[in-house]
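Take a look at the structure below.
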Amino acid sequence: MSQASAPGLVYLSGDYTLFRAGTSLATTISKRVIIITEPRSKGENKIKVSTEDGSLSLRYERRRIIVDKGGLLAKRVLRPVIVSALKTMEFLRNSNQLDITIKSDVPVSVFPSTSLSIATVMSVTHSLSGRIDRDFLWKVVFDSERSIRKSPSTFEIVLLITGGLAVFKMGEKPIFIKPKENLLFLIALSSKKYSLLSSPEITLRPFLSNVSGYINDITRSMNWISENIYSALDQGNVERIGMLMNLAHSLIRALGATTTKIDELVSAALKSGALGAKVTWVNNGLVVALVRDDVFKNVHKSLERRSNTVFNSSIDYSGAKIEG
């Protein structure tokens, strides 16, 4: 048995799904997903994947992904694990059958597919060969993500493997920074409705086509926000970070790429004392609020009245790792 984990991720500005040609600023968060792999030699299905509580379950059998429990939600959320496991075995030239269990103290749907892909590749590789080579990890994760998302974010892969907070400009290496002041976030899930048609790329496509005429102007504005958040982090100016997060959300809203629920959560966070709040497009959209200790309880209660999943988080600096 082998266990590997990867952190979650939120964008403070320049969400990759929306602004692929611009400057992005994102951080890994201190909530982790753990992938547990157990090889076996016999069984009808080649791979079986399930959450620890058994609420979601898939199996790969006769070149098909079959849902055992959880319907479209299971297929939407767990498919990256099966794809990544198959890619890993293909690269390792291994034909073992696998039982894979997913553990997390927040809903699995909170994590981007990249987190699941990285943890799966590490867990399966460690279970079958015991050796984790960084170049191998990068290659298999990128190939897996290309099958899942078609246009993987190299920034997300680097950031989730390494951990921390970084700014990324297209064509350049990410620049990592450790803020002078600890940042505390409250994160709320904006919707429980996940389906095969609700990936960020598909969800946002109609909005982006409607604003194609001025998307470059909005992208330039978002680039300015990302660069100024980076400067504010270096200066330890938390209030300015919050203000800039609010501006980032306003631009995303100007694209039409939010929902009534997302805007309600952002507004509730700000009215109850958050320094800043915005949507971050992971799966169906998370709302991330930057808070101070003295308003933490007020903001948490306000979000909890409007979302089924609210949790606090800080920046994760450990990145992906083998757990055992």
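The values are calculated or read from the model by the stated rules, or taken from the named source; none is laboratory data. Only a predicted model underlies this, so the values are computations on that prediction, with no experimental measurement involved. As a convention, Cβ positions derive from the backbone with ideal geometry for all residues, glycine included, and neighbour counts pool all protein chains shown. Just the protein is used for accessible areas: all its heavy atoms, side chains included, with ligands, DNA and RNA removed. Shrake-Rupley method; radii C 1.70, N 1.55, O 1.52, S 1.80 Å.
Among G285, A232, S30, whose Cα sits farthest toward the positive end of the charge dipole of the chain (+1 at Cβ of Lys/Arg, -1 at Cβ of Asp/Glu, about the Cα centre)?
G285
What is the dipole size for the chain, taken about its Cα centre, with +1 at each Lys and Arg Cβ and -1 at each Asp and Glu Cβ, in debye to the nearest 20? Spell out each step's value before the answer.
Values: 43 positive and 29 negative charges, 174 e Å.
Value, rounded to 20: 840 debye.
Counting only heavy atoms of protein chains, what accessible area per residue, in Å², does the chain have with a probe of 1.4 Å? Provide the component values of the computation, followed by the final result.
On the way: 14070 Å² over 324 residues.
Computed with neighbouring chains in place, this is 43 Å² per residue.
By the scheme Lys and Arg +1, Asp and Glu -1, what is the net charge of all other residues having a beta-carbon under 11 Å from that of S50?
Values: positive: K48, R59, K69, K103; negative: E52, D53, D68, D99.
Combined, the nearby Lys, Arg, Asp and Glu give 0.
Please say if region 84-155 is rounded, prolate or oblate, where rounded means a/c under 1.5 for a ≥ b ≥ c the square roots of the C-alpha gyration tensor eigenvalues, and otherwise the choice is prolate for a/b larger than b/c and oblate otherwise?
On the way: a/c = 1.75, a/b = 1.17, b/c = 1.49.
Judged from the Cα gyration tensor, region 84-155 comes out oblate (a/c at least 1.5, b/c at or above a/b).
Output ³J(HN,Hα) for region 175-184: one whole-Hz value per residue in order, computed from phi by the Karplus curve 6.51 cos²θ - 1.76 cosθ + 1.60 with θ = phi - 60°, and x for Gly and Pro.
Couplings: 10, 8, 9, 10, x, 6, 10, 4, 9, 10 Hz.
Going by a ≥ b ≥ c, the root eigenvalues of the Cα gyration tensor, does region 214-293 fall in the rounded group (a/c under 1.5), the prolate group (a/b larger than b/c) or the oblate group? The partial results should precede the final answer.
On the way: a/c = 2.09, a/b = 1.05, b/c = 1.99.
It comes out oblate by the Cα gyration axes.
With +1 on each Lys and Arg Cβ and -1 on each Asp and Glu Cβ, how big is the dipole of region 49-138 about its Cα centre, in debye rounded to the nearest 20? Don't skip to the answer; put the middle values down first.
On the way: 13 positive and 9 negative charges, 78 e Å.
Magnitude of the dipole: close to 380 debye.
So what is the calculated 222 nm ellipticity per residue for the chain, using -39500 (n - 2.57) for each DSSP H run with n of 4 or more, over all residues, to the nearest 500 deg cm²/dmol?
Working: 9 runs with 133 residues, N = 324.
Mean residue ellipticity at 222 nm (helix-derived): -13500 deg cm²/dmol.
Just going by the charge dipole of the chain, with Lys and Arg at +1 and Asp and Glu at -1 on Cβ, which of T114, P174, S50 is farthest out on the positive end?
S50
Going by amide H atoms built from the backbone, whose H comes under 5 Å of the H on S30, apart from near neighbours?
So S30 has HN proximity to S314, D316.
Apply the a/c threshold of 1.5 to the C-alpha gyration tensor of region 37-139 and tell me whether it is rounded, prolate or oblate.
It comes out oblate by the Cα gyration axes.
Kindly write out, for region 118-132 in residue order, the coupling ³J(HN,Hα) from the Karplus curve 6.51 cos²θ - 1.76 cosθ + 1.60 (θ = phi - 60°), rounded to whole Hz, with x marking Gly and Pro.
Each residue's phi maps through the Karplus curve to give 5, 4, 5, 4, 5, 5, 5, 4, 5, 6, 9, 10, x, 10, 10 Hz.
Can you pull the percent of the chain's accessible area that's carbon plus sulfur, 1.4 Å probe, other chains left in place? Write down the numbers at each step before the final one.
Details: 6690 of 14070 Å².
Carbon with sulfur: 48 percent of the solvent-accessible area.
For region 33-133, which GluC sites (Glu not before Pro) are both in a DSSP coil and crowded by at most 16 other Cβ atoms within 10 Å?
Numbers: sites: E44, E52, E61, E90; in loops: E44, E52.
Here the sparse-neighbourhood loop sites are E44, E52.
Taking region 85-124, which trypsin sites (Lys or Arg not before Pro) meet the DSSP loop condition and have no more than 10 other C-beta atoms within 10 Å? List each step's numbers first, then the result.
On the way: sites: K87, R93, K103; in loops: R93.
When the trypsin sites (Lys or Arg not before Pro) of region 85-124 are filtered for loop state and at most 10 Cβ neighbours within 10 Å, R93 remain.
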